[in-house]
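Have a look at the structure below, then the notes.
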Amino acid sequence: MHIKVMGQGPDLVMVHGWSMHSAVWHQLAELLAQNFTLHLVDLPGHGESEWHENAFEMDSLVDELVEQLPAKAHWVGWSLGGLVAIAFASKLADRVNKLVLLAATPCFVKTQNWSHAMDAAVFNEFADNLNENQQQTLQRFLMLQARGSAHSRDTIRQLSEQLAKETPAKPEALKAGLSVLIDTDIRNQFKQLSCPIKVILGQRDTLIPVAVADDFKYLQASSDITVIESAGHAPFISHPLDCQVAIESFLNDQ
C-alpha cells in the first residue's frame with residue numbers, strides 16, 4: 001500500500017474517502033505538515049496503491065496498515081476513511097492516540113434506529129451505474145459531496161482536479177468501497193473506543209446530516225464535536241483553515 005510521508009512533528013495518519021486518493025488532502029496537508037508528520041494513505045486500488053482481491057476486507061486492510069504505519073499516531077479519517085480509522089482504533093487501541101472523524105460516521109446507511117444517514121438505495125444506484133459509466137458515476141458523486149456547500153462549485157472543481165491527477169481508481173476497488181459503505185455498521189466498535197474522539201461535520205452535508213451529532217453523543221458522550229458552517233461533505237476543501245484549527249486544537253489539547 002502506498003503511503004506518502006511529509007512534514008515534521010507527531011505522527012498523524014490521514015485516510016481519504018471513496019473514489020479519491022491521498023492528494024485530495026493537499027491544502028489541509030500543507031497546513032498540518034507544519035506541525036505534524038503526515039502519513040497519507042492511498043487505499044487499495046486508489047492513487048498509487050495496487051489492488052488485490054478482498055483488499056477492502058476490513059481485518060485484512062487493518063493488518064496491512066499495521067505493517068506500514070508508526071507504532072503510535074493520531075488518525076484522521078474522511079468519509080469512507082473514517083470507517084477504516086474506527087476499525088483500526090477498535091482492533092489496535094494502543095496504536096491510536098486521538099481519532100478525528102471528518103464528515104464520517106460509523107454507519108452510512110439508514111436503519112430503523114439510525115435515521116441520520118443515507119438511504120441504501122442511493123449507494124446501490126451508484127454501484128449499479130458504475131458498471132455502465134464509471135466516469136459519469138464519479139462525477140455525480142463529486143456533485144453529491146459538494147452539494148449544500150457555500151463553495152460548491154469550487155469544491156467540485158478541486159475534487160475533479162485531484163481526481164484527475166492520478167490514475168482512476170480500479171473498478172473493483174470502487175465496487176468494494178461502495179460495499180463497505182453500504183454494509184458496514186461499526187457503531188458498537190465506535191461505542192467501545194477508549195481514545196479521545198473529535199467529530200467534524202459540515203453544516204450542509206447531504207451525505208451525513210449534521211443532526212447525527214446527537215447520535216455521536218449518545219454513542220460516545222465525551223465526543224468533541226465541531227460543526228463547520230456553510231460546509232458540505234468535504235469541509236477540508238471548502239474550509240481548510242477551519243479544519244486545521246479544529247484538528248490542531250484537539251490534537252494539541254493535553
Query raised in the report: In which sequence would 216, 236 go, from the one with the fewest C-beta neighbours within 10 Å to the one with the most?
Result: 216, 236
Requested in this report: With both partners inside the chain, how many of the DSSP beta bridges are antiparallel, as a percent to the nearest 5?
Outcome: 25
Query - Sequence-distant lysines (8 or more away, or on other chains) whose Cα lies within less than 23 Å of residue 175 - result: 110, 165
Query - Charge dipole (debye, nearest 20) of the range 3-252; +1 at Cβ of Lys and Arg, -1 at Cβ of Asp and Glu - result: 580
Query raised in the report: If you stretched the chain out fully between residue 34 and residue 8, how much longer would it get, using 0.36 nm times the residue separation minus the C-alpha to C-alpha distance?
Result: 8.7 nm
Report task. Using amide H atoms built 1.01 Å from N in the peptide plane, name the residues 5+ places from residue 36, or on other chains, whose amide H lies under 5 Å from its own. Result -> 8
Report summary line: Other residues with Cβ under 15 Å from the Cβ of residue 117 give, with Lys and Arg +1 and Asp and Glu -1, a net charge of -4
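How large is the helix-only mean residue ellipticity at 222 nm for the chain, computed as the sum of -39500 (n - 2.57) over DSSP H runs with n ≥ 4, divided by its residue count, in deg cm²/dmol to the nearest 500? List each step's numbers first, then the result.
Values: 11 runs with 110 residues, N = 254.
Taken over the chain, the calculation gives -12500 deg cm²/dmol.
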Report task. Return the sequence-ordered ³J(HN,Hα) values of the range 42-47 in whole Hz as given by the Karplus equation 6.51 cos²θ - 1.76 cosθ + 1.60 applied to θ = phi - 60°, using x for Gly and Pro. Result -> 9, 5, x, x, 10, x
Query raised in the report: Considering the dipole of the range 1-66 built from charges on the beta carbon (Lys and Arg +1, Asp and Glu -1) around the Cα centre, which of 14, 26, 55 is farthest to its positive end?
Result: 26
Query raised in the report: Taking H as built 1.01 Å from N, whose amide H comes closer than 5 Å to the amide H of residue 118, not counting residues under 5 places away?
Result: 109, 110
Query raised in the report: Where does each of 20, 143 land when they are ranked from fewest to most other beta-carbon atoms within 10 angstrom?
Result: 143, 20
Query raised in the report: Where does each of 242, 253, 154 land when they are ranked from fewest to most other beta-carbon atoms within 10 angstrom?
Result: 253, 154, 242
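By its C-alpha gyration tensor, with a ≥ b ≥ c as the square roots of the eigenvalues, how is the chain shaped: rounded for a/c under 1.5, else prolate for a/b larger than b/c, else oblate?
On the way: a/c = 1.20, a/b = 1.13, b/c = 1.06.
Rounded.
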Requested in this report: Between residue 48 and residue 214, with labels modelled 7 Å along Cα→Cβ, what's the label distance in nm to one decimal, could you check?
Outcome: 4.6
Report summary line: Between residue 13 and residues 5 or more places away or on another chain, the pairs with built amide H atoms under 5 Å apart involve 39, 74, 75, 76
**Report entry** Gaussian network model of the chain, Cα within-10 Å springs - most flexible of 11, 205, 59
**Finding:** 59
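Laboratory data are not the source of any read-out in this text; all were calculated from the coordinates shown. Predicted, not measured: the structure shown is a model, and the values here were computed from it. All Cβ positions, even for glycine, are placed from backbone atoms using ideal geometry, and neighbour counts span all protein chains on display.
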